[in-house]
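Rule-based calculations on the coordinates, nothing more; no lab input. Predicted model, so just to flag it, every value in this text is computed and none were measured. Cβ atoms come from the backbone with ideal geometry, glycine included; neighbour counts cover every protein chain shown.
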Amino acid sequence: MNKFKNINPTIIVIFGGTGDLAKRKLFPAFQNLYLDGRMSEKFQIIALGRAEKSNEEFQSYVLDNLNTFSRKKGLSDPETQKFLSHITYQSFDIDKEDSYQRLNATINSFDQAFGERANRLFYLSITPSFITTISSNIKKIGLAANAKQDRIIIEKPFGYDKTSAIELNEMLSHTFKEEQIYRIDHYLGKETVQNILAFRFGNSMFEPLWSRNFIDFVQITVAEEVGVEERGGFYEGVGALKDMIQNHLLQILCMTAMEAPASLEADDIRNRKADVLKSIRRIKPDEVDHYIVRGQYDAGFIKGNPVPGYRQDKGIAPDSNTETYVAMKIYLDNWRWQGIPFYLRTGKRMEEKQSSIIIQFKPVPHSSFSYGKEGMTPNRLIINIQPSMDIKLQFMTKKPGLSLSLEPAEMIFDYFSCSTMSPEAYETLIADALAGDPTLFMRWDQVEQAWDAIDTIQQVWKTIAPTNFPNYKAGSWGPEEADELLARQGHAWIRNTQNKIKEEILDDTDIQ
Ligand SMILES: NC(=O)c1ccc[n+]([C@@H]2O[C@H](COP(=O)([O-])OP(=O)(O)OC[C@H]3O[C@@H](n4cnc5c(N)ncnc54)[C@H](OP(=O)(O)O)[C@@H]3O)[C@@H](O)[C@H]2O)c1
């Protein structure tokens, strides 16, 4: 979380250096860190892919992608040209030991050029099924033999259920100690997500209200307008529960509900988050339908344009039962939150792209105003994570005029008014990994608890197929059952329209 640490000489090895994530997020992040003076004087990126390519060919491919995806672009910038000279390409086959021997020789040659053994950061930007092979070969060749200097970044998903995640972790532990493993959830690198901690624990006025005594319910939404795009093959069989709830939404829940950490040290923060995950009430198999709604989009319209249903998308089976939408009600069994519902929802092909947290406060105990109830909106605190990046406090005021009637008003803190060039999530996270700061990465017990929290749902959904898919239209806010989930408790999803002007200037290449 501290971006101003000294970074030691480092060799960064990107497995999957030719892939989609590397081109859209990783190289732009390294370039921006370099341009901002946050890379060591001595660093080299070794990008791996199967094809034979020269360094020049690969550097020119990276430059093209920087011009498309980097927030600072790159064409004709001499500093970016210097950055490119720090990139080496090597053809590599994950399954062949010989590739690791050649990689070892390349790493050693850079160590020699640096005049010291550099730190090593292995970035696994590949399909998770390769993790075991890569990790065991790294051990065999001794590529990450120094526990103090060598780290590995693992992309999500970490496993596909609790059992597979435990196996994966056990296997990784043969090569890496826990403190060397950086499990990424890029949501945690977003400025507005980190700001939740600053907002909650840097102010005294909100924290006394932050509990079951004053809060009625909390809603966390991560909605996408896009469908599966080119990633149908990946998404099919994964679904929204594993792709979004198990990681991003549960992490946002942790930031919203955690107790104050004793310090900003990584383990103090991660201990408090792990407490939240442990306190999630585990539901029984016969309660799944009561607490969780799953959905799949049908054809519809997004911003007036027709779009196909999920089952008609590329790479998707025509009878697929993969869920593209999940809404759930969560209770936290602890002193602060007992009895307060946390409503989480995520979906593809929603009416509007938005990630937000809405805290609704309890109504006034007695209203002295005799002008009808229609004007009595409860107090709300809305934290918009993206595309709007703001915090809104909604409250009632007197409507100007002779009569004493009320109308809702709001105060807004707008992140854009502070900076329009805040770092991208991957910049923040990579800077932290280079500096050896794991605060914003997932510790193993957090991952395990997050899988455990959805384990029963996964088991039940595996055995009982949905009977009503597709059950929501593209361009809507999801299936009707999701409204009923809240209506049973007298609640409703709150409409939270995003600021369109800002959406236009935001990076539209965001990933989930
Ligand atoms: N893309 C995203 O939006 C996104 C978002 C969040 C998380 N992630 C995660 O990031 C990881 C990478 O995703 P991606 O979308 O970048 O995947 P991708 O575009 O399919 O790239 C896969 C990479 O793996 C390499 N590869 C495949 N087989 C190989 C082999 N046998 N030997 C050596 N290299 C091999 C490919 O290299 P060649 O084809 O050049 O050989 C390519 O560079 C995944 O874990 C994914 O879940 C991706």
Go from 0 up to the bin containing the longest alpha carbon distance in the range 10-155, width 5 Å each, and give me the % of pairs per bin. 2, 10, 20, 24, 21, 15, 7, 2, 0
The range 7-89, convex hull of Cα, quarter of hull surface, nm² -> 4.8 nm²
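If you average the sequence gap of Cα pairs under 8 Å that are 6 or more apart and divide by the length of the chain, what percent do you get for the contact order? Spell out each step's value before the answer.
Numbers: 885 pairs, mean separation 91.5, N = 512.
So the answer I get is 18 percent.
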Förster radius 25 Å - calculated FRET efficiency between SER60 and SER129 (Cβ-Cβ, nearest 0.05): 0.20
Please determine, in degrees from 0 to 90 and to the nearest 10, the orientation of helix 97-114 with respect to the longest principal axis defined by the Cα atoms of the chain, where the helix direction is its Cα long axis. 80 degrees
Tell me the label-point distance for the pair ASN108, GLU484, using the 7 Å Cα-to-Cβ offset, in nm and rounded to one decimal. 6.7 nm
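Given a cut-off of under 8 Å on Cα pairs at least six residues apart, what relative contact order in percent is computed for the range 248-383? Provide the component values of the computation, followed by the final result.
Details: 148 pairs, mean separation 23.1, N = 136.
Relative contact order comes out at 17 percent.
Report the local net charge at ILE340: Lys and Arg +1, Asp and Glu -1, summed over other residues whose C-beta lies under 13 Å from its C-beta. Walk me through the numbers before you get to the answer.
Working: positive: ARG212, ARG281, LYS329, ARG336, LYS362; negative: ASP216, ASP333.
Here the count lands on +3.
What is the extension gain from ARG50 to SER85, computed as 0.36 nm multiplied by their sequence separation minus the C-alpha to C-alpha distance, in nm to one decimal? The partial results should precede the final answer.
On the way: separation 35, 0.36 × 35 = 12.60 nm, distance 2.10 nm.
Here the answer is 10.5 nm.
Give me D for the chain in µm² s⁻¹, whole number, from Stokes-Einstein with Rh from the Kirkwood sum over alpha-carbon pairs, 4 °C and 1.567 mPa s.
Details: Rh = 24.5 Å.
Rounded to a whole number, D works out at 53 µm²/s.
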Against the longest principal axis of the chain, how steep is helix 191-201, in degrees 0 to 90 to the nearest 10, with axes from Cα atoms? 60 degrees
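Over all alpha-carbon pairs in the range 68-134, figure out the percentage whose distance exceeds 19 Å. Don't skip to the answer; put the middle values down first.
Values: 1160 of 2211 pairs.
Roughly 52 percent, once rounded to a whole number.
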Here the residues of the range 152-194 lying in the modelled label zone of SER40, meaning backbone nitrogen under 18 Å from a point 7 Å along Cα-to-Cβ, are 152-153, 180-182
Along the three principal axes, how long is the range 99-247 when you take its alpha carbons, biggest first, rounded to the nearest angstrom? 60, 40, 28
Points 7 angstrom from Cα along the Cβ direction at ARG495 and SER204: gap in nanometres? 4.0 nm
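Within the set of other residues whose C-beta is less than 14 Å from the C-beta of ASP216, count the net charge using Lys and Arg as +1 and Asp and Glu as -1. It would help to have the intermediate numbers written out before the result.
Numbers: positive: ARG212, LYS329, LYS362, ARG380; negative: none.
Once positives and negatives cancel, what remains is +4.
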Sorted by average packing, counted as other Cβ atoms within 10 angstrom per residue and highest first, what order do 434-442, 24-32 take? 24-32, 434-442
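So what's Rg/Rh here for the range 165-282, counting alpha carbon atoms and using the Kirkwood radius for Rh?
Details: Rg = 16.9 Å, Rh = 16.8 Å.
So for the range 165-282, dividing Rg by the Kirkwood Rh gives 1.00.
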Which distance in Å, rounded to a whole number, links the C-alpha centroids of the range 142-159 and the range 225-301? 24 Å
Quick one: of LYS25/LYS72; LYS23/LYS53; LYS42/LYS139; LYS284/LYS473, which pairs are farther than 22 Å apart, Cα to Cα? LYS42/LYS139; LYS284/LYS473
